[in-house]
1. Give me the residue from segment 60-83 that is under 11 Å from residue 94 (Cα atoms) and either surrounded by fewer than 11 Cβ atoms within 10 Å (Cβ to Cβ) or charged (D, E, K, R) (or both) and, out of that set, farthest from the chain's Cα centre (by Cα).
2. Within segment 84-94, track down each residue that is out of contact with any Lys or Arg (no Cβ under 9 Å at 6 or more places or on another chain) and surrounded by 17 or more Cβ atoms within 10 Å (Cβ to Cβ).
3. Go through segment 44-59 and count every residue that is over 21 Å from residue 7 (Cβ atoms) and over 10 Å from the mean Cα position of the chain (by Cα).
4. Being touching a Lys or Arg at 6+ places or on another chain (Cβ under 8 Å) and among the hydrophobic types (A, V, I, L, M, F, W, C) is the requirement here; does residue 15 meet it?
5. Of the residues 100, 88, only one is modelled with pLDDT of 95 or more, assigned to a helix (DSSP H, G or I) and of a type outside the set (D, E, K, R); which?
6. Residues in segment 18-38: is at least one part of a loop (DSSP other than H, G, I, E, B), in contact with a strand residue (DSSP E or B) (Cβ under 9 Å, 6 or more places away or on another chain) and of a type in the set (A, V, I, L, M)?
7. Where the second residue is β-branched (Val, Ile, Thr) and part of a loop (DSSP other than H, G, I, E, B) and the first is more than 19 Å from residue 8 (Cα to Cα) and lies in segment 73-92, which pairs have Cβ atoms under 8 Å and are six or more apart or on separate chains?
8. Restricting the search to segment 1-26, which residues are farther than 20 Å from residue 66 by Cα and not charged (D, E, K, R)?
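The values are calculated or read from the model by the stated rules, or taken from the named source; none is laboratory data. Here the structure is a predicted model, which is why all the values come from computation and not from measurement. Positions of Cβ are generated from backbone atoms using ideal geometry, with glycine treated the same way; all protein chains shown enter the neighbour counts.
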Amino acid sequence: MESTLQTERLWCELWVSLASLLRSYTAAYGLNQAEQAMVELGEERITVRVNNRWLSLNRNEAQLLWATESGAAGELQFTVHGRLKSPAGDEEEMDMQAEAWARDLMRDQKPEMPR
């Protein structure tokens, strides 16, 4: 039982870390932009919104289901090493996936015009 509690705590910590990475990357991509992303963190859901774009992540233990306003969706799973694993077995660092989501969300944002 102690191992199960420790594993659940690990998933929670990785979840919070993923939200933090999304905040950091969307903020970096949003520098000098008219719009900034809003990142909402809950125990089982992260929602990132910018203009009419959004990314929704839902967590059940180590499993992550993600979807975007464009209809793109997928499934990933946290590993005990802090990576994200696809159903095909490919693993990627969390920061790389967070950066890719942030880049996609912030694409085509028009720079704010100087006054």
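1. Let us first name the residues in segment 60-83 that are under 11 Å from residue 94 (Cα atoms), namely 76-79, 81-83.
Those still in the list that are either surrounded by fewer than 11 Cβ atoms within 10 Å (Cβ to Cβ) or charged (D, E, K, R) (or both) too: 81, 83.
Numbers: 81: 17, 83: 13 Å.
Restricting to residues being under 11 Å from residue 94 (Cα atoms) and either surrounded by fewer than 11 Cβ atoms within 10 Å (Cβ to Cβ) or charged (D, E, K, R) (or both), the top hit is 81.
2. Of the residues in segment 84-94, the ones out of contact with any Lys or Arg (no Cβ under 9 Å at 6 or more places or on another chain) are 84-90.
84, 85 - these are the residues of segment 84-94 that are out of contact with any Lys or Arg (no Cβ under 9 Å at 6 or more places or on another chain) and surrounded by 17 or more Cβ atoms within 10 Å (Cβ to Cβ).
3. Filtering segment 44-59 for residues over 21 Å from residue 7 (Cβ atoms) gives 47-56.
Narrowing further to those that are over 10 Å from the mean Cα position of the chain (by Cα): 49-54.
So the answer is 6.
4. On the way: touching a Lys or Arg at 6+ places or on another chain (Cβ under 8 Å): yes; among the hydrophobic types (A, V, I, L, M, F, W, C): yes.
Yes: the conditions hold for residue 15.
5. Values: 88 fails: assigned to a helix (DSSP H, G or I).
None of the others qualify; the one that does is 100.
6. Filtering segment 18-38 for residues part of a loop (DSSP other than H, G, I, E, B) gives 30-32, 34-37.
Those left that are additionally in contact with a strand residue (DSSP E or B) (Cβ under 9 Å, 6 or more places away or on another chain): 30, 32, 34-37.
Checking which are of a type in the set (A, V, I, L, M) leaves us with 34, 37.
Yes: segment 18-38 contains one or more residues that are part of a loop (DSSP other than H, G, I, E, B), in contact with a strand residue (DSSP E or B) (Cβ under 9 Å, 6 or more places away or on another chain) and of a type in the set (A, V, I, L, M).
7. So the pair list comes out as 91/79.
8. Scanning segment 1-26 gives 1, 3, 4, 5, 6, 7.
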